[in-house]
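The values are calculated or read from the model by the stated rules, or taken from the named source; none is laboratory data. Treat the numbers as computed from the prediction; the structure is a model and nothing was measured. Here the Cβ positions follow ideal geometry from the backbone for every residue, glycine too, while neighbour counts run over all protein chains shown. Quick note on the areas: whole protein, heavy atoms, side chains included, nothing else; ligands and nucleic acids left out. Shrake-Rupley method; radii C 1.70, N 1.55, O 1.52, S 1.80 Å.
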Amino acid sequence: MNPLHIDLGERSYDIHIEGGCLKNAGEHIRDLCPKADKLFVVTDSNVGPLYYDPLKAALEQAGFALCVHVIPAGEESKNAALLSKLWEDMLEFGLTRTDAVVALGGGVVGDLAGFAAATVLRGVDFIQLPTTLLAQVDSSVGGKVAIDLRHGKNLAGAFHQPKFVLMDCCVLSTLSDKTFSDGMAEVIKYGCIADKSFFDRLAAQPSRSAIMDNIESVLYTCCDIKRQVVEEDELDTGRRMLLNFGHTIGHAYELAGNYTAWTHGQAVAAGMVAAAKLGVALGVTPADVPGQVEALCHAFGLPTAIPCSAADYAAAVGRDKKGTGADISVILLEEIGRAVVHKMPKARLVRLLNSFDKVP
Ligand code: GLY
């Protein structure tokens, strides 16, 4: 499969999707960063023991000096204290502006390592080696990097495009079913917002094994949709908001579960069903759409409704980055495969979401 090229002028890069390609990481990085001597690798306590040794061998073979930093697995690691520790360790290692940071892991590793790369020495090159389905179809592409703050997730961050994304689909075999389903929420999202035939293909064979039989094509389709959106709106001021279908409401569910009861993908799945119902209530979405979204999420083991208080809806809507003053932009479906940005009063959104929860 040919690499997918993200065309962003001088920040352009390729996404290479291939089973087993992690072992070629050294050659790829050598080609892309010819002046680099040192690579600072960030991974986590789940992924490191599985995949760091083969990566280390490949990178050393290509002549790089390495320093690895293993963070505890989990969202709690996306914090300012760990970010600061990474900066210090990078400087201790002697990283220079021609060297690079490598993220080997899921979204937490990519977001934290990417933000460290964006800011250390005012920015160094950054390579994404995503190892979860969610990171492969979403967070490793598009350059959003961030840490969480006490006020919410991803509230301090930057746009720092990777120099290269290398996706080895073989590594998905070690994901638990729950973590695989977590990524499926984002896969389903792409069908909902941009590609009805892809949605129908998922619905025709809704199982992990069917997805894995076609995984390179599934990853390519998702990343290609994200490519088009990011090329048009790199800095997320317009069309890129479509990628947030189900996310505003999903953030309320994550908050309602104290960020531990529900994974991001589970919250997004229930958020997509609620956003489809919202679209029906606002006269934008055909009445049969919520049932189709619900059935596909359910088939992949994702929740389709999550209990949430009015206060949590209001808090999530209030802190959403798509809000300005009294209004918020929500993403609605005009049909499966076509999404629109719809501006509405925050208070009305909260009222409507509460009313869905009251319906038996
Ligand atoms: N994950 C949404 C975006 O990259 O814009």
When you scan the stretch 120-129, do you find a residue that is open to solvent by less than 10 Å² (accessible area, probe 1.4 Å) and within 12 Å of the ligand (Cβ to nearest atom), even just one? no
Which residue pairs have Cβ atoms under 7 Å apart, sit 6 or more places apart or on different chains, and have a first residue in the stretch 278-293 that is in contact (Cβ under 8 Å) with a residue 12 or more places away in the chain and of a type in the set (S, T, N, Q) and a second that is in a loop (DSSP other than H, G, I, E, B) and surrounded by 22 or more Cβ atoms within 10 Å (Cβ to Cβ)? Gln292/Ile336
In this structure, is Asp236 surrounded by 17 or more Cβ atoms within 10 Å (Cβ to Cβ), closer than 29 Å to His5 by Cβ and at pLDDT below 95? yes
Residues in the stretch 147-182 that are within 20 Å of Thr263 (Cα to Cα), surrounded by fewer than 21 Cβ atoms within 10 Å (Cβ to Cβ) and within 16 Å of the ligand (Cβ to nearest atom) total 4
Given (1) among the aliphatic types (A, V, I, L, M); (2) assigned to a helix (DSSP H, G or I); (3) open to solvent by 30 Å² or more (accessible area, probe 1.4 Å), where does Ala135 come up short, assuming only one miss? (3)
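Would you be able to tell me the number of residues in the stretch 3-26 that are in a helix (DSSP H, G or I) and more than 22 Å from Cys170 (Cβ to Cβ)?
Going through the stretch 3-26 one residue at a time, the tally reaches 3.
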Residues being more than 11 Å from the ligand (Cβ to nearest atom) and in contact (Cβ under 8 Å) with a residue 60 or more places away in the chain - total across the stretch 230-245: 2
May I ask you to list pairs of residues, at least six apart or on different chains, whose Cβ atoms are under 6 Å apart, with the first in the stretch 191-219 being surrounded by fewer than 18 Cβ atoms within 10 Å (Cβ to Cβ) and the second being charged (D, E, K, R) and at pLDDT 95 or above? none
Spans of helices (runs of 4 or more DSSP H) in the stretch 257-360 with at least 2 residues within 20 Å of Asp195 (Cβ to Cβ), open to solvent by less than 20 Å² (accessible area, probe 1.4 Å) and modelled with pLDDT of 95 or more: 264-281, 289-299
Just name the residue that is least open to solvent (accessible area, probe 1.4 Å) out of those in the stretch 220-229 that are free of Cβ contacts under 8 Å to residues at least 40 places away in the same chain and away from the ligand (no atom under 12 Å from the Cβ). Thr221
